[in-house]
Structure formats: structure tokens, C-alpha cells
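First comes the structure, then the notes that go with it.
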Amino acid sequence: MFEKLELISADAILGLMAAFRADPDPRKVDLGVGVFRDDRGETPVLASVRTAEQALVAEQTTKTYVGPSGNPGFNQQMEQLVFGAGHPAVKAGRVRTVQAPGGCGALRLGAELIRAAAPDSVVHVSTPTWANHVPLLGNSGLKLERYPYFDAQTGGVQFGAMMAALEKLPPRAVVLLHASCHNPTGADLSQDEWRAVLELVKRRSLLPFIDMAYQGLGEGADADAFAIRLFSAELPELVCAVSCSKNFGLYRERTGSLHVINEGAKAADATLSQLVRLARGMWSMPPDHGAEIVRRILSEAALRESWARELEAMRTRITGLRHELVRQLRAQCPQRDFSFIARQRGMFSFFGITTEQVRRMRAEHHIYMTDDSRINIAGLRAENLEYVARATAQVLAA
Ligand code: LMR
């Protein structure tokens, strides 16, 4: 049977990870996959995670099954982290949360729920969006379409064009939005723009599906959840997929949550029953290790404080690197304006060079980024910023 299968190329981001690892050049710079790195280029286990994990290993008495909706304490803590303390939708019993294997699992589970409720739904994603959104959502059977988003001229959002496109959608169309730290562009909506999107979504009866993979890495844990908190207070229904990969550094532990806001508590119970059945049919039960670490961190005051400080340090490093990169680029390529990089948020920016220039950065300078010129800002280091800026100047001049 399998002899009929064709060899296909690796996913662009994962392929880049492998190519970087295989490159023996000591000057190599990894601006590819979206993982946080410190100034030594490492992705360390957070101290708060290490402490919680040690306690977990010492105290855990069983490895028996947890259940398809995951770790209840984790789900409760994630609701508070995502919605904030005392959010009216949570208080009204309108929110149902299930743990998922990473933000990816949450996205897929959300798509499956939408498909179960309305099989002909179309999900509208931004142009561009994270490449893996397409198979994660589309393989559920839902159709995907695009709306304009990134403005390459300004490095910001083409807000007018985005709103004009959303205005034309039929009622019940699903709109995938990035809560903060837009992947791959780093261009986020302002709070006023979110309020305008909310009014449109209400008027057109659309269903927002918000992906929050970087809570705390943009403006802060509360500010990054602004849209989710606003929308869930004002809308009858909302779907949110949340990842703990980046803000807890739990990448390989596959830790995430799906939160569905419903019109009332009765509808919420039906939603939860469907989510549990869907999860059971896909992965049966999510892995507990990362979720129990997060639960411990969020529920123990000292650990939570230590994690909040580590999160702030990650955010501050990224913001500092954005400003330093702009400064170096201004010195090396004064003819080109890269100031948009300092205005964007989160791990990523679109560098704005051509695919051919991206390939030359890789071949001639061992600097790795995806072909669309997305760079992971956290992959930069004090010692290679100037090297990256010089290489950019050479590639742009050629
Ligand atoms: C990324 O966008 O690089 C990360 O979210 C990692 C991934 O799985 O693609």
C-alpha cells in the first residue's frame, strides 16, 4: 500500500531546524523556528519550571489516567490566566476549558468542534498566517479562506482592507485572529482596532477563533489577553486556543488549552460533552506532565512570582533586541528603513527581503530564516547582531 506514497518535502520550519543543526559553520545564526533563546543561544528550562517539575517528580504517587478533558487544576488555573480573575463570562458559567496537546492540539480541537456544530463553516485566516494553521484547521475538513492583514509598506496592519473584507463575510463565518505577537509578522492590532473588530463581529454575527500562543511575550500577560477578555465579555460565543509552549518554555511537553465561551451554562455543558468526545477520538487524553507543572506554578504564589519575573525577562530581552537590531541595521544599511521592527511585538518580524535574498543569507552568511523572511528576534545575540546587519547590507547591495 505505502509504495504509492510520494516523498514530500519537510515542513518549512522543521526543515529549516534540521538544516541549521547540520550546518557546521561557527558563525551560523538561527532565526528560524520560534523558540526563545538566551544570549548564549540556548533555550533553558525556566527555573520556575525546574522547581515545579522536581516537586512533581518527588510527590507524584500515580501515573494512572487523568481523563479526556485533562488536568482539572490546570484547566482552572489557565482560565484565570487567560480571562483574568473574576471575568464575567467565567462567573456566569459560560466558559468550558479542556487541556490539549499544545496550542496545536487546541487549534485542531476547536476546528473539530466547529465542524461538529456546522460542517460547512469557512475559517478566514489572515494573510499571512502561521503556515501550520492551514493543515491544523483545514485537515478537520473545514474550508479556509484569507483576509488581508499585513501591510508590507509600513510593517503594520492593513486595518482598512482587513475590516472591509470582514464586513463582507456572511453570518456565522469563522475568523481566526492572533491575540498578540502575530505569527509570522509581529504586527498586532491596537486596543482601539480590537474594539472596532468586536463591533463588526457583533454586527455581522461572526464567530471569532482566537489563537494565543505568546501570552506575556508581547506587552505583558494581561495586555496580550486584552482581545480575549473583551470579546468573551461581549459576545455570546468565542473559541480560544492557548499554548504554554513559549511563555512557560514547555515546547516539547505539548501543553495547551482550549476555551470555548457559550451563550449560557446549558450550551456550555453540551459543548464540553462534545469536546470530551472529540478529544477521546483524537488523542484520548492529553499528556499530563507539562500541565501539572503549569498548575503548580500558577497555584503557588512564590513559584508564580518567579515565573512572572522570568516571563518579563524574556519579553524585555526580545524588546531590547528589536531596538538593537534596528540600530545596527540603521548603521549598516542607512538607505533602508527597518524601524518597523521596533514597533512590532513578540518573537517574529517579517524582515522584508526577497526569497532569493533569504537564500543568499543562508548560503553565504549561514543566517537561517524562513523563505518569506520571517525572523525569530529571540535567535539574535549581542555578539551576532552586527554580523546579521552587515550580512543584510551585503545581500541588499548585491
Ligand atoms: C514557529 O512558528 O516557529 C513555532 O510556532 C514552532 C512551530 O511549530 O512551527
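The values are calculated or read from the model by the stated rules, or taken from the named source; none is laboratory data. Keep in mind it's a predicted model, so treat the numbers as computed, not measured. Cβ sites come from the backbone with ideal geometry, for glycine too, and all protein chains shown count toward neighbours. Heads up: the accessible areas ignore ligands, DNA and RNA and are worked out on the full protein's heavy atoms, side chains in. Shrake-Rupley method; radii C 1.70, N 1.55, O 1.52, S 1.80 Å.
Do you know which of the residues in the range 87-109 that are away from the ligand (no atom under 15 Å from the Cβ) and in a helix (DSSP H, G or I) is surrounded by the fewest Cβ atoms within 10 Å (Cβ to Cβ)? Please lay out each step first, then the result.
To start, the set of residues in the range 87-109 that are away from the ligand (no atom under 15 Å from the Cβ) comprises 87-99, 109.
Those still in the list that are in a helix (DSSP H, G or I) too: 88-91, 109.
Working: Pro88: 12, Ala89: 23, Val90: 20, Lys91: 10, Leu109: 28.
Across the range 87-109, the extreme among qualifying residues is Lys91.
Output the qualifying pairs, or none if there are none: Cβ atoms under 8 angstrom, residues six or more apart or on different chains, first residue in the range 287-299 and touching a residue at least 60 places away in the same chain (Cβ under 8 Å), second residue in a helix (DSSP H, G or I) and open to solvent by 50 Å² or more (accessible area, probe 1.4 Å).
If the second residue must be in a helix (DSSP H, G or I) and open to solvent by 50 Å² or more (accessible area, probe 1.4 Å), the pairs left are Pro287/Glu253; His289/Glu253; Ile293/Glu253; Ile297/Arg304; Leu298/Gln80; Leu298/Arg304.
Which residues, counting only those in the range 373-397, are within 16 Å of the ligand (Cβ to nearest atom) and over 15 Å from Gly41 (Cβ atoms)?
If we filter the range 373-397 for residues that are within 16 Å of the ligand (Cβ to nearest atom), which is where we start, we get 373-380.
Within the range 373-397, Ser373, Arg374 meet the criteria.
Take the range 320-361 and flag every residue that is open to solvent by 10 Å² or more (accessible area, probe 1.4 Å), within 16 Å of the ligand (Cβ to nearest atom) and not aromatic (Phe, Trp, Tyr).
Of everything in the range 320-361, just one residue is open to solvent by 10 Å² or more (accessible area, probe 1.4 Å), within 16 Å of the ligand (Cβ to nearest atom) and not aromatic (Phe, Trp, Tyr), namely Arg345.
Being part of a helix (DSSP H, G or I), open to solvent by 20 Å² or more (accessible area, probe 1.4 Å) and in contact with a helix residue (DSSP H, G or I) (Cβ under 9 Å, 6 or more places away or on another chain) is the requirement here; does Ala55 meet it?
Numbers: part of a helix (DSSP H, G or I): yes; open to solvent by 20 Å² or more (accessible area, probe 1.4 Å): yes; in contact with a helix residue (DSSP H, G or I) (Cβ under 9 Å, 6 or more places away or on another chain): yes.
It is true that Ala55 is part of a helix (DSSP H, G or I), open to solvent by 20 Å² or more (accessible area, probe 1.4 Å) and in contact with a helix residue (DSSP H, G or I) (Cβ under 9 Å, 6 or more places away or on another chain).
Being surrounded by 20 or more Cβ atoms within 10 Å (Cβ to Cβ) and either in contact with a Phe, Trp or Tyr (Cβ under 8 Å, 6 or more places away or on another chain) or of a type in the set (A, V, I, L, M) (or both) is the filter here, so list the residues in the range 130-141 that pass it. Break it down into steps so the answer makes sense when it comes.
We begin by selecting, within the range 130-141, every residue surrounded by 20 or more Cβ atoms within 10 Å (Cβ to Cβ); these are 130, 133, 136-137, 140.
The answer is Leu136, Leu137.
Kindly indicate whether Pro68 is open to solvent by less than 80 Å² (accessible area, probe 1.4 Å), assigned to a loop (DSSP other than H, G, I, E, B), more than 16 Å from the ligand (Cβ to nearest atom) and touching a Ser or Thr at 6+ places or on another chain (Cβ under 7 Å).
yes
Let me confirm something: among Val197, Val201, Val276, Val242, which residue is of a type outside the set (D, E, K, R), within 16 Å of the ligand (Cβ to nearest atom) and either touching a strand residue (DSSP E or B) at 6+ places or on another chain (Cβ under 6 Å) or more than 27 Å from Ser306 (Cβ to Cβ) (or both)?
Values: Val197 fails: within 16 Å of the ligand (Cβ to nearest atom); Val201 fails: within 16 Å of the ligand (Cβ to nearest atom); Val276 fails: within 16 Å of the ligand (Cβ to nearest atom).
Sole residue among the options that is of a type outside the set (D, E, K, R), within 16 Å of the ligand (Cβ to nearest atom) and either touching a strand residue (DSSP E or B) at 6+ places or on another chain (Cβ under 6 Å) or more than 27 Å from Ser306 (Cβ to Cβ) (or both): Val242.
Specify which of the listed residues (Glu112, Glu145) is crowded, with 21+ Cβ neighbours inside 10 Å and away from the ligand (no atom under 16 Å from the Cβ). Let's see the steps before the verdict.
Working: Glu145 fails: crowded, with 21+ Cβ neighbours inside 10 Å.
The unique qualifying residue is Glu112.
Which numbered condition in (1) more than 16 Å from the ligand (Cβ to nearest atom); (2) in contact with a helix residue (DSSP H, G or I) (Cβ under 7 Å, 6 or more places away or on another chain) is the only one that Asn247 fails?
The failed condition is (1).
If you check Gly34 against the conditions, is it on the phi > 0 side of the Ramachandran plot and either assigned by TED's automatic domain parsing to the domain that holds Ser373 or not in a loop (DSSP other than H, G, I, E, B) (or both)? Please lay out each step first, then the result.
Numbers: on the phi > 0 side of the Ramachandran plot: no; either assigned by TED's automatic domain parsing to the domain that holds Ser373 or not in a loop (DSSP other than H, G, I, E, B) (or both): yes.
So Gly34 does not fit the description; no.
If you check every pair at least six apart or on different chains, which have Cβ atoms under 6 Å apart with a residue in the range 76-97 that is within 18 Å of Asp269 (Cα to Cα) first and a residue that is assigned to a loop (DSSP other than H, G, I, E, B) and not aliphatic (A, V, I, L, M) second?
Arg94/Asn262
Condition first: part of a loop (DSSP other than H, G, I, E, B) and either surrounded by 22 or more Cβ atoms within 10 Å (Cβ to Cβ) or not assigned by TED's automatic domain parsing to the domain that holds Tyr214 (or both). Now tell me which residues in the range 71-86 satisfy that.
Start the filter on the range 71-86 by keeping residues that are part of a loop (DSSP other than H, G, I, E, B), which leaves 71, 84-86.
Asn71, the sole residue that qualifies.
Which ones in the range 193-241 are free of Cβ contacts under 8 Å to residues at least 60 places away in the same chain, of a type in the set (D, E, K, R) and open to solvent by 20 Å² or more (accessible area, probe 1.4 Å)?
Glu193, Arg195, Glu199, Lys202, Arg203, Arg204, Glu234, Glu237
With the requirement that a residue be touching a Leu at 6+ places or on another chain (Cβ under 8 Å) and either among the hydrophobic types (A, V, I, L, M, F, W, C) or within 11 Å of Leu176 (Cα to Cα) (or both), what does the range 126-142 give you? Spell out how you get there, then give the answer.
Going through the range 126-142, the residues touching a Leu at 6+ places or on another chain (Cβ under 8 Å) turn out to be 126, 129, 133-134, 136-138.
Across the range 126-142, the qualifying residues are Ser126, Thr129, His133, Val134, Leu136, Leu137.
Find the residue count for the range 158-192, including only residues that are more than 16 Å from the ligand (Cβ to nearest atom), open to solvent by less than 30 Å² (accessible area, probe 1.4 Å) and not in a helix (DSSP H, G or I).
Total meeting the criteria: 6.
How many of the residues in the range 242-277 are open to solvent by 40 Å² or more (accessible area, probe 1.4 Å), within 29 Å of Pro171 (Cα to Cα) and part of a helix (DSSP H, G or I)? If you could, list the steps in order and put the result at the bottom.
We begin by selecting, within the range 242-277, every residue open to solvent by 40 Å² or more (accessible area, probe 1.4 Å); these are 251-254, 263, 265-267, 269-270, 272-274, 276-277.
Narrowing the set further to residues that are within 29 Å of Pro171 (Cα to Cα) leaves 263, 265-267, 269-270, 272-274, 276-277.
Now drop any that are not part of a helix (DSSP H, G or I), which leaves 265-267, 269-270, 272-274, 276-277.
Here the count works out to 10.
Looking only at the range 362-372, count how many residues are surrounded by fewer than 17 Cβ atoms within 10 Å (Cβ to Cβ) and away from the ligand (no atom under 16 Å from the Cβ).
Summing the residues that are surrounded by fewer than 17 Cβ atoms within 10 Å (Cβ to Cβ) and away from the ligand (no atom under 16 Å from the Cβ) in the range 362-372 gives 2.
Is it the case that the range 254-265 has a residue that's outside the structural domain of Phe348 (by TED's automatic domain parsing) and without any contact (Cβ under 8 Å) to a residue 60 or more places away in the chain?
Within the range 254-265, the subset outside the structural domain of Phe348 (by TED's automatic domain parsing) is 254-265.
Still in the list and also without any contact (Cβ under 8 Å) to a residue 60 or more places away in the chain: none.
No, the range 254-265 contains no residue that is outside the structural domain of Phe348 (by TED's automatic domain parsing) and without any contact (Cβ under 8 Å) to a residue 60 or more places away in the chain.
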